[in-house]
Amino acid sequence: MEDSSRELSGRDGEDDGALGVRLVEPGADDTERAAESALRPKRLRDFVGQQVVRDQLSIVLESARARGRAPDHVLLSGPPGLGKTTLSMIIAAELGTGLRITSGPAIQHAGDLAAVLTSLEEGDVLFVDEVHRVARPAEELLYVAMEDFRVDVVVGKGPGATAIPLDLPPFTLVGATTRAGLLPAPLRDRFGFTAHLDFYSAAELQQVLHRSAALLGVALTSEGAAEVARRSRGTPRIANRLLRRVRDWSLVRGSGASGGSPVVDEASARAALEVYEVDPLGLDRIDRAVLRALCRTFGGGPVGLSTLAVSVGEEAETVETVVEPFLVREGMIGRTPRGRVATDAAWRHLGLEPPLARPGGVPGQLELGEPGAGRSPEHLPRTPDGPSGGR
């Protein structure tokens, strides 16, 4: 067990030395996917969280084994980092069959898909990540393959072209998508089992962290797990990433610096994540920059997306797709027809006093230039009734 732990820890340290994503970004690049592969559970019983999905999927797989047939095609939807890829691997492992992995962007032509499908063996699992991004010409081929287990290969061009039908062995397609609404209805209808993965609770994330710590050979206390879990945005991938960073801090500046084993406790977790600029709510530097610009620079909004993005030095698409979703989910930013607005929670998180509601305006919003717009409590105009004049 000790040798295995050292091997996993060493490989992890080599692979994720320089990540191409933010520390609290739920997505992952190829480097991190290789690092987290050692932490993935191999069986459904070891998968933490998503209890409803696990129960439903267990019935589907047990029924398929009892009938001796491939299970229905499976669609997994939900935000990134919640375990869709892991579940696809578990499905293949539970069925005892082979697994082929590809992605929607990699399938741009019908020939690309035909090459993958014709290489499958009976009972294999084909995992297509971001299945909503499969090119339209390949979609038509996929419909027939999923329903009739057949592909039509076109030979020749023009009037002399001939379609040659090729039978496929029964297989199970597992599609994963972060944007289920973009799936064409004909494709969505061909999945016999669909499941949506939800964000994890803090208690579930603590279970994930304790399991990962055991695999990495890291001593993790209950308090340390709780501290990391509450900053992980309900996402196991972020929790594991933060655990590795806290482990590094403990090894260099904590208990491991004196030659002992690295221990991740509450104090080391707080100190390490302060270095990495992840605050107690899981916000990082870019998140706080957007909130500061919205509250301090624009008085809480409304402000247009492009203007807000320029003020923090980021692309508008980055702010909209990477930063905003979590801030909206946490109730710190609101989207209105007039632009983005900061809620009271955003003001208080920055240590600012929320402005009062304006008649006919946005709740909790002062106009730019008015007393109290975007100022900290100590800088508000003082009256005998207090900083805001007792209004």
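The values are calculated or read from the model by the stated rules, or taken from the named source; none is laboratory data. Just so we're clear, the structure is a prediction, and the values are computed from it rather than from any experiment. Every residue, glycine among them, receives a Cβ derived from its backbone with ideal geometry; neighbour counts consider all protein chains shown. All accessible areas refer to the heavy atoms of the entire protein, side chains included, with ligands and DNA or RNA removed. Shrake-Rupley method; radii C 1.70, N 1.55, O 1.52, S 1.80 Å.
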> Of all residues in segment 321-333, which are surrounded by fewer than 17 Cβ atoms within 10 Å (Cβ to Cβ) and part of a loop (DSSP other than H, G, I, E, B)?
Replying inline: Gly331
> Tally time: how many residues in segment 183-200 are open to solvent by 50 Å² or more (accessible area, probe 1.4 Å) and in contact (Cβ under 8 Å) with a residue 40 or more places away in the chain?
Replying inline: 8
>> Residue under question is Ala106, and the condition is that it be at negative phi, open to solvent by 30 Å² or more (accessible area, probe 1.4 Å) and at pLDDT 85 or above; does it hold?
In response: yes
> Tell me, which strands (runs of 3 or more DSSP E) lie completely within segment 122-195 with 3 or more residues that are at pLDDT 85 or above and on the phi < 0 side of the Ramachandran plot?
Replying inline: 125-129, 172-177
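One line per residue, one yes/no per condition, for (1) loosely packed, with under 15 Cβ neighbours inside 10 Å; (2) at pLDDT 80 or above:
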| site | (1), (2) |
| --- | --- |
| Val290 | no, yes |
| Val310 | yes, yes |
| Val319 | no, yes |
| Arg335 | yes, yes |
| Gly339 | no, yes |
| Gly351 | yes, yes |
| Pro363 | yes, no |
| Gly369 | yes, no |
| Pro381 | yes, no |
> Of all the residues that make up segment 85-121, how many are assigned to a loop (DSSP other than H, G, I, E, B) and in contact with a Lys or Arg (Cβ under 9 Å, 6 or more places away or on another chain)?
Replying inline: 4
> Given the structure, is Arg65 in a helix (DSSP H, G or I), surrounded by fewer than 19 Cβ atoms within 10 Å (Cβ to Cβ) and in contact (Cβ under 8 Å) with a residue 24 or more places away in the chain?
Replying inline: yes
> Of (1) over 28 Å from Gly217 (Cβ atoms); (2) touching a residue at least 24 places away in the same chain (Cβ under 8 Å); (3) part of a helix (DSSP H, G or I), Gly300 satisfies all except one. Which?
Replying inline: (3)
